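Here's the structure we're looking at; comments come further down.
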There are 2 protein chains.
Amino acid sequence: MDLTATTSELASAVADVARLLPGRVLDPVLAGVVLRAGPGGVELSGSDRERSLRLSRAATTHSEGAALVPAKPLAETLRALESPQVRLVVEGARLAVRTGAARFALPLLELGDHPGVPELPPVAGSAPAGAFASALAAVATAASRDDALPVFTGVRVHAAGDRLELITSDRYRLGFASVPWAGGELDALAPAVQLAEVAKQAARDERVELRADADRLALAWGGGSASTALLAAPFPDERARKLLAAEGECTVVLEADELAGAVRRAAPYSGANGAVQLAAEDGELRVRGSDPQAGESSESVKASVSGGLLTRSFQIRYLSDALRAFAGRRVELRVQSGLRSTVLTAEEDASGVRLTYLVVPLRTP
Amino acid sequence: MDLTATTSELASAVADVARLLPGRVLDPVLAGVVLRAGPGGVELSGSDRERSLRLSRAATTHSEGAALVPAKPLAETLRALESPQVRLVVEGARLAVRTGAARFALPLLELGDHPGVPELPPVAGSAPAGAFASALAAVATAASRDDALPVFTGVRVHAAGDRLELITSDRYRLGFASVPWAGGELDALAPAVQLAEVAKQAARDERVELRADADRLALAWGGGSASTALLAAPFPDERARKLLAAEGECTVVLEADELAGAVRRAAPYSGANGAVQLAAEDGELRVRGSDPQAGESSESVKASVSGGLLTRSFQIRYLSDALRAFAGRRVELRVQSGLRSTVLTAEEDASGVRLTYLVVPLRTP
């Protein structure tokens, strides 16, 4: 194998593969990136059996072939290069990375031991890639990072007519988004954070294809594809939909960024529990913090308020995550009675994303 | 006390005081910032008895007075504000921080319990502030961060005629700089990292005044002053000067940034010991790394080489620190025989800083 490529393009592709792969594996082969030089350019792929990624990049192939090398050292090496072009050559038991004045030699791993990237499952349909990526990024913040309860780390991807629905929940908040959908049936539960990560890659293209079978969900776009094993757990779907059918006793409409700023400024006063209070008042929403050491904060944000004037406390981190999903837009807060969750919604955005976000208020004395 | 000030100016001044103060103290009064509003503006000061800082900033004083509040929450609050102006008012037992829509109330600490900022010791002389700050930043990287051996965390500040010398060493490297000096005798050992931090502040002014007595070293400039207790330990001065009188068996002259880049690129190949090898060759310096897992690297940097062609290994972190001190300049490396240190020097820069940096090579098999 012998090829020349643009350093920055190759560096970012190898970094993307390296990021997908687990940091520490028993089998070093699974921490490797497969480079395959062909007449059309270079293909980079990685897989730890659970998840896989395959990217195509432009390259001048001097001699076809394939090689498997540790992904992280290769990514670090390429990232540090200043030379605009880089040459990758297999030399004996080494992959040589060459620029004008420098040569880096990485040990080859046994290509035959690599599991390879699984075949993509059949096409289910497609969605606008940018909308899909931004919707997924928004709802992924409501997914749990705790692998002990896998179902709450997942995003439910569900085709409903001409919309593709994305649902996440860690039990304290719930993200629900939908984007335009052209295709047939699809119902899968996949790791949310990881899918959001590869969706960003797909957003380089116009549309992203979703592919699925009983075991895997895959994204495919011009320039690459990624797949992940499904989470084998039943998502509490009906419960989620019931929560979404919320009726606000009090409705507050305001600029998401203004409220996010006020919440950020209340953070030093959010106390040991990280709590912030929102109080609907006439023509404004008041953001309050109180901490025995740091003192008190109070800030009002202009808002149009209708219904009863309710007050709720929230985990500041959850509220900030929710508001970030609506950045740059007007958001409607529907405050429900008692300890029922507060619903954040906005109008469908220009790219066709509809988003609803639920946050459970804190029990206050 | 009641004053209005520019938010960004006040925020950065309070942040500077907060940064100086220890994170956790038994006595909360020592984690406080004293605000004093007078006809000329506002004075901010902090002291933990060991070190102290006093800054003056422009402000409109509506009512004179003083207040003591926890420095970190005030710094966080001011940093998060978007409003260009901010008002600070004492209201009962609180300091209120007010902008148009927001009010933050911090509990007042007992001003009478604060030790105050000690009187500055007598003037020893002065130096150009920018040169002093950059020289100190360069040598501070060679000081130890380990408080167990205080003498190695210090910078020796020593007046020698019309030059002010700054010396640091953690035993594995040694930093020696001098800047123009107008003044009399001065010989003090002060915490290097902390002095470098306040010297950055002083660099807002043209010149910085150095003041000292048997216990303290202080910097004073238009807009503020800072003082620190001296380290009570004898610095191995003669030994350091002997080391500086080095004669290179091999001399290499090259661009510091080019070598720093090559060293950075060798980092993934620096192995468990973080070692990188420099080999003088004809017209170039070769930078090599080798690691059983990651592979090997080799890069040549154009250099003018004279004397014998020597090879030395270095701790990559120490070498990078040394080269950063010469950023943007040509540096001369004098490689000595055996395990004697390698000397890095450059010509006096435009601001009058002369700098020499020693790094001890690694013992290699």
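How high is the FRET efficiency from A:A93 to B:K302, r the C-beta distance, R0 30 Å, rounded to 0.05?
For R0 = 30 Å, the calculated efficiency reads 0.45.
Going 7 Å from Cα along the Cα-Cβ axis for the label, what nanometre distances separate B:G65 from the same residue across the other copies?
Those label-point separations list as 8.1 nm.
How many Cβ atoms of partner chains, on average, are near each residue of A:80-86 if near means within 10 Å of its Cβ?
Mean partner shielding for this stretch: 2.
Relative contact order (percent) for chain B, with alpha-carbon contacts under 8 angstrom and 6 or more residues of separation?
13 percent
Binning at 10 Å from 0, report for the range A:9-51 what percent of all alpha-carbon pair distances ends up in each bin.
28, 52, 19, 2
Give the nm distances, rounded to one decimal, from B:R329 to the matching residue in every other copy, measuring between label points 7 Å along Cα toward the beta carbon; shortest first.
Once sorted, the set of distances for B:R329 reads 5.4 nm.
Using just the Cα positions, wrap the protein assembly as shown in a convex hull and report its mean projected area in square nanometres, one decimal place.
Across all orientations, the protein assembly as shown yields a mean hull projection of 37.0 nm².
Quick one: pull the percentage of alpha-carbon pairs in the range B:40-80 with a separation above 16 Å.
49 percent
Which trypsin sites (Lys or Arg not before Pro) in the range B:26-120 sit in a loop by DSSP (not H, G, I, E or B) and have at most 14 other Cβ atoms within 10 Å of their own Cβ?
Hits after loop and neighbour filter: B:R49.
Taking 2.2 N^0.38 Å as the expected size of a compact globular protein, what ratio does the Cα radius of gyration of the range B:246-362 give against it, to two decimals?
The value comes to 1.00.
Quick one: putting +1 on the C-beta of Lys and Arg, -1 on the C-beta of Asp and Glu, what dipole do you get for the protein assembly as shown around its Cα centre, in Debye to the nearest 20?
Dipole magnitude for the protein assembly as shown comes out near 440 debye.
Pairing the Cα long axis of helix A:129-140 with the longest principal axis of chain A, what angle in degrees results, from 0 to 90 and rounded to the nearest 10?
That works out to roughly 60 degrees.
Which loop GluC sites (Glu not before Pro) in the range B:279-353, with loop taken from DSSP, have no more than 15 other Cβ atoms within 10 angstrom of their Cβ?
Taking the range B:279-353 and a limit of 15 other Cβ atoms within 10 Å, the loop GluC sites (Glu not before Pro) found are B:E347, B:E348.
Give the chain A residue with the shortest beta-carbon distance to the rotation axis relating chain A to chain B, plus that distance as a whole number of Å.
In residue-and-Å form, the answer is A:G23, 15.
Please give the contour-minus-distance gain from B:R329 to B:A182: 0.36 nm per residue of separation, less the Cα-Cα distance, rounded to one decimal in nm.
50.3 nm
Work out how much length B:L309 to B:A160 would gain on full extension: take 0.36 nm times their residue separation and subtract the Cα-Cα distance, in nm to one decimal.
Contour length minus Cα-Cα distance gives 50.0 nm.
So what's the range B:165-222 giving for Rg/Rh, alpha carbon basis, Kirkwood Rh from the mean inverse pair distance?
0.95
Taking a point 7 Å out from Cα toward Cβ as the label site, list the nm distances between B:D27 and the same residue in every other copy, smallest first.
Distances to the matching label points in the other copies: 6.3 nm.
Working only with C-alpha atoms, what are the Rg and Dmax values of the range B:2-113, expressed in angstrom?
Rg and Dmax of the range B:2-113, Cα atoms, are 12.7, 39 Å.
Mind putting together the pair-distance distribution for chain B? All Cα pairs, 20 Å bins, whole percent per bin, short to long.
Percent of pairs per bin, in order: 27, 45, 24, 3.
Report the rotationally averaged projected area of the range A:55-187 based on its alpha-carbon convex hull, in square nanometres.
If you wrap the Cα atoms of the range A:55-187 in a convex hull and average its projections, you get 12.1 nm².
Per residue, how big is the convex hull of the range B:123-236 when only Cα atoms are used? Give it in Å³.
Normalising the Cα hull of the range B:123-236 by residue number yields 84 Å³.
Most exposed first by the Cβ proxy, i.e. fewest other Cβ within 10 Å, how do A:H158, A:H62 rank?
Ranked by crowding around the Cβ, least crowded first: A:H62, A:H158.
Using a cut-off of under 14 Å, list every residue of the range B:45-79 whose amide N is near the label point 7 Å from the Cα of B:S12 along the Cα-to-beta-carbon line.
Residues B:56-58, B:79 qualify, since their backbone N sits under 14 Å from the label point.
Working from Cα positions, state the angle (0 to 90°, nearest 10) between the long axis of helix B:7-20 and the longest principal axis of chain B.
60 degrees
All of the numbers you see were taken from the coordinates with simple rules; none came from a lab. Since the model is a prediction, treat every value here as computed from it, not as a measurement. We place every Cβ from the backbone using ideal geometry, glycine too, and count neighbours over all the protein chains shown.
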